[in-house]
Amino acid sequence: MILAGDIGGTKTFLALFDEEKKGTPAVHQAVFPSHHYPDLNGVLKEFLSRRPVSIQRAAFGVAGPVVQGRCETTNLPWIVDAAGLAREFEIASVVLLNDLEATAYGTLVLTENDFFVLNPGAATEKVSSETGTRGNRAIISAGTGLGEVVLFWNGSRHQPSASEGGHCDFAPCNPLQIALLEYLWKDYPTISYERILSGPGLFNIYRFLRDTGQGDEPPWLSERLAMEDPPAVISEVALAGGADLCVNALDLFVSVYGAEAGNLALKALATGGIYVGGGIAPKILQKLRDGTFMKAFVDKGRFSEMMTQIPVRIILNEKAALLGAAEYASSHR
């Protein structure tokens, strides 16, 4: 049996797969609120107590940098150690992947129905994947944090390469974004893209607009923000065309998202496509489709024409990283 996991700052997805039946659905899976547990070991103990089995291999996509089989998670107070997990749970092989690296492997096994095409681009040379093309690809993924990964085309297949690109310095593109940068400097010594392109980042944008007098916060909205999850409230109200503060916050969020996706496409020369993952994108698909994202994506001066030729797809399957971890464990014996 193969054990696969997607270890995120908000949720932990775990699943068991029959290694003799590659490509079939999980035989058992569950999702856990990550912050309710002191470490991954606690989650695994609860999960495996429900379905005691013999596990030959395990792979986990973890939100954080993986160095020599060990990861200090970025948005959780966890230390995940592959060797320690192998000993405690008697698993012959345990591998840790960066969560975006796992997502990258996931995109190699997803089907066309798992994507929404935001920009068809001009890449036409198909490879074995139903939705795949030759040339480098890259993934940008906003959720609890911001992840980025490149899939290099080696002439026969795509090879994922992990990064911590979400922690690069934010580069504002206009006076409004410069003002946002200056506002955030009051709270943080350095402003990475993750401070803006994440769930907490959307709330940072909202606070900036509110606190700099660019809209009024109605009492009903103040109450909801105090009682509920602020990013979820902001995006819900924005998509419904409610309070202007929310509408403008989501608009700025998506504009910065498109610009950084374009930056990543340039750095990777991602002629094979940009994939937008994470938990936020499917929830704001309505906004991503209105042109704001693509306008910022292609706005690269002398390279704007080239940018229009790059395919852009939204990953709709929330289990992409989980499936990618399972694929890695199955194919790397």
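The values are calculated or read from the model by the stated rules, or taken from the named source; none is laboratory data. Please read all numbers here as calculations on a predicted model, not as lab measurements. So basically every Cβ, Gly included, is an ideal-geometry build from the backbone, and we count neighbours across all protein chains shown.
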Exercise for review: Filter region 224-241 for residues that are in a helix (DSSP H, G or I) and loosely packed, with under 11 Cβ neighbours inside 10 Å and give the result.
Suggested key: ALA226, MET227
Exercise for review: Answer with yes or no whether GLU90 is out of contact with any His (no Cβ under 7 Å at 6 or more places or on another chain), surrounded by fewer than 23 Cβ atoms within 10 Å (Cβ to Cβ) and without any contact (Cβ under 8 Å) to a residue 60 or more places away in the chain.
Suggested key: yes
Check your understanding: What is the one condition in (1) of a type in the set (Lys, Arg); (2) at pLDDT below 95; (3) closer than 17 Å to GLU88 by Cα that LYS11 does not satisfy?
Key -> (3)
Revision key, fill the gap. Within region 249-302, the residues that are crowded, with 21+ Cβ neighbours inside 10 Å, of a type in the set (Gly, Ala, Ser) and not in a helix (DSSP H, G or I) are ALA270, GLY272, GLY273, GLY277, GLY278
Practice item. Hey, can you tell me all the residues within region 163-203 that are surrounded by fewer than 19 Cβ atoms within 10 Å (Cβ to Cβ), in contact with a strand residue (DSSP E or B) (Cβ under 9 Å, 6 or more places away or on another chain) and closer than 26 Å to ALA104 by Cβ? Key: GLU164, HIS167, CYS168, ASP169
Practice item. Just name the residue that is farthest from ALA162 (Cα to Cα) out of those in region 53-84 that are within 20 Å of the chain's Cα centre (by Cα) and polar (S, T, N, Q). Key: ASN75
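So, of the residues in region 85-99 that are touching a helix residue (DSSP H, G or I) at 6+ places or on another chain (Cβ under 8 Å) and assigned to a helix (DSSP H, G or I), which turns out to be nearest to PHE152 (Cα to Cα)? Let's see the steps before the verdict.
Looking only at region 85-99, we keep the residues that are touching a helix residue (DSSP H, G or I) at 6+ places or on another chain (Cβ under 8 Å), and these are 85, 88-89, 91-97, 99.
Next, only the ones that are assigned to a helix (DSSP H, G or I) stay: 85, 88-89, 99.
Values: LEU85: 30, GLU88: 35, PHE89: 34, ASP99: 17 Å.
Among residues in region 85-99 that are touching a helix residue (DSSP H, G or I) at 6+ places or on another chain (Cβ under 8 Å) and assigned to a helix (DSSP H, G or I), the one nearest to PHE152 (Cα to Cα) is ASP99.
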